[in-house]
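What follows is a set of notes on a single structure, which appears directly below.
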Amino acid sequence: MNRLDGQTALTKDESAWASGHSIAEHTIRKPMAEVDTNNSIISREVQISNKMGLHARPAMQFVDQANKFTSRITVCKNEQCVNAKSIMELLLLAATAGTKLVIQAQGDDALPAVETLVKLVESKFGEE
């Protein structure tokens, strides 16, 4: 089976996740490497600095921006990695003020995707 992004085969967990199983069953994924030039994987750590953390409004802004890109984008908190294009999965991270997250992307537009999302987090989602 081909990956959703056309790169390689899906893992068993990714295949189940992509087929519509519940989010809770498939939110733990291994973080991608920091930079892998062969597969265009870009990774950057950010810290949530707005007072209210990653609540519904900033999470939706994040998802809206992530969905503008074709790359596979994940956000990781410790070892828990979620699909950055899903509001429900992003909210499962429960990222409060001070939480460190890793934004990762793989695909043709991975670099601009990560840069855009980092800029959004660093702007405190326009809340302050």
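FYI, it's all coordinate maths here, none of it is from the lab. Keep in mind that this is a model prediction, so the values were computed, not measured. Note that each Cβ is placed from the backbone with ideal geometry, even for glycine, and that neighbours are counted across all protein chains shown.
For segment 27-126: lysine pairs with Cα atoms under 21 Å, gap of 8 or more or different chains, count? Lysine pair count for segment 27-126: 19. The reciprocal of the average 1/r between distinct C-alpha atoms defines the Kirkwood hydrodynamic radius, which for segment 27-126 equals 13.0 Å.
Which whole-number percent is the relative contact order of segment 27-126 (Cα, under 8 Å, 6+ apart)?
Numbers: 210 pairs, mean separation 40.0, N = 100.
Answer for segment 27-126 is 40 percent.
Legend: calculated FRET efficiency, Met52 to Gln80, from the Cβ-Cβ distance at R0 = 22 Å, rounded to 0.05, equals 0.60.
In nm, what is the difference between 0.36 nm times the number of residues separating Lys100 and Glu127 and their Cα-Cα distance? Write out the running numbers ahead of the final one.
On the way: separation 27, 0.36 × 27 = 9.72 nm, distance 1.83 nm.
So the extension gain works out to 7.9 nm.
Segment 41-62 and segment 86-128 have Cα centres lying 4 Å from one another.
Extending 7 Å from Cα along the Cβ direction at Leu111 and again at Thr70 yields two label points whose distance is 1.7 nm.
Under the simplified labelling scheme, the Leu92-Val118 pair shows an inter-label distance of 2.6 nm, with each label point 7 Å from Cα along Cα→Cβ.
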